[in-house]
Amino acid sequence: MAIVVTRLTPPMGIEGDNEGTDGATQSALYYTARTVVFADIVESVRLMQRDELTAARRMRALLLEAAEEIVPRNQGHLLQRLGDGLMLDFSHPRDAAACARALHRRCADLSADLAPDDRVLLRIGIHAADILTDDVAFYGHGVNVAARLAAGATLVQGYTAFLYRGPLWARQINRGLVGRV
């Protein structure tokens with residue numbers, strides 16, 4: 001599989017922008033076709049409020065396993081760990097989707113014996129685009145879209161559930177919310 005890289009000419013920034021503080025030259029910014037994935041823990045704040053130490057241990061174990069085993073097994077790599085989430089990079093959307101499925105399966109396995117309110121679940125956003133990079137970090141709109149997709153995943157899941165389960169689903173959610181108040 002080949003990755004097409006389009007370099008910006010001239011390099012972005014102003015004259016001298018690509019020099020480090022010690023005078024060493026840094027990589028110029030350029031675009032590359034990549035797939036960015038954001039994965040974060042659903043309702044991590046609520047989980048931490050219920051039992052901080054237990055929730056932190058569960059979340060940490062899941063995220064470490066994801067970064068060290070599941071992501072590399074699906075031809076991806078960790079760009080950044082973001083507290084309760086991960087920013088991942090893949091060369092192809094197919095690999096990113098396979099990794100997302102594997103992460104969801106692992107969450108289900110780890111949560112099978114837990115009460116519904118104690119389950120650690122992931123919200124995942126995937127976006128394939130030409131991403132601006134300097135070989136150190138990713139920047140720009142493509143990264144932001146992946147983050148927004150992850151943030152909106154809960155809304156999409158709720159809408160889908162409403163479509164498939166009908167109005168009774170909304171009543172179940174309402175009862176659940178009232179029970180927490």
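Just to be sure before I move on: is residue 135 acidic (Asp, Glu) and either at negative phi or touching a Lys or Arg at 6+ places or on another chain (Cβ under 7 Å) (or both) in the structure I sent? Here the answer is no, as residue 135 does not meet what is asked. For the subset of region 37-62 comprising residues that are surrounded by fewer than 21 Cβ atoms within 10 Å (Cβ to Cβ) and among the aliphatic types (A, V, I, L, M), which member is farthest from residue 147 (Cα to Cα)? Ranking the qualifying residues of region 37-62, first place goes to 53. If you go through region 98-116 one residue at a time, do you hit one that is surrounded by 13 or more Cβ atoms within 10 Å (Cβ to Cβ), not small (Gly, Ala, Ser) and not in a helix (DSSP H, G or I)? No, region 98-116 has no match at all. Can you confirm whether region 37-47 contains a residue that is under 19 Å from residue 139 (Cα atoms), part of a strand (DSSP E or B) and among the β-branched types (Val, Ile, Thr)? Yes, region 37-47 has at least one match. Scanning region 55-66 for residues that are without any contact (Cβ under 8 Å) to a residue 24 or more places away in the chain and not small (Gly, Ala, Ser) turns up 57, 60, 63, 64.
Coordinate-derived values only; no laboratory data. Computed from a predicted model, the values in this text were never measured in an experiment. Positions of Cβ are backbone-derived with ideal geometry, glycine not excepted, and every protein chain shown enters the neighbour counts.
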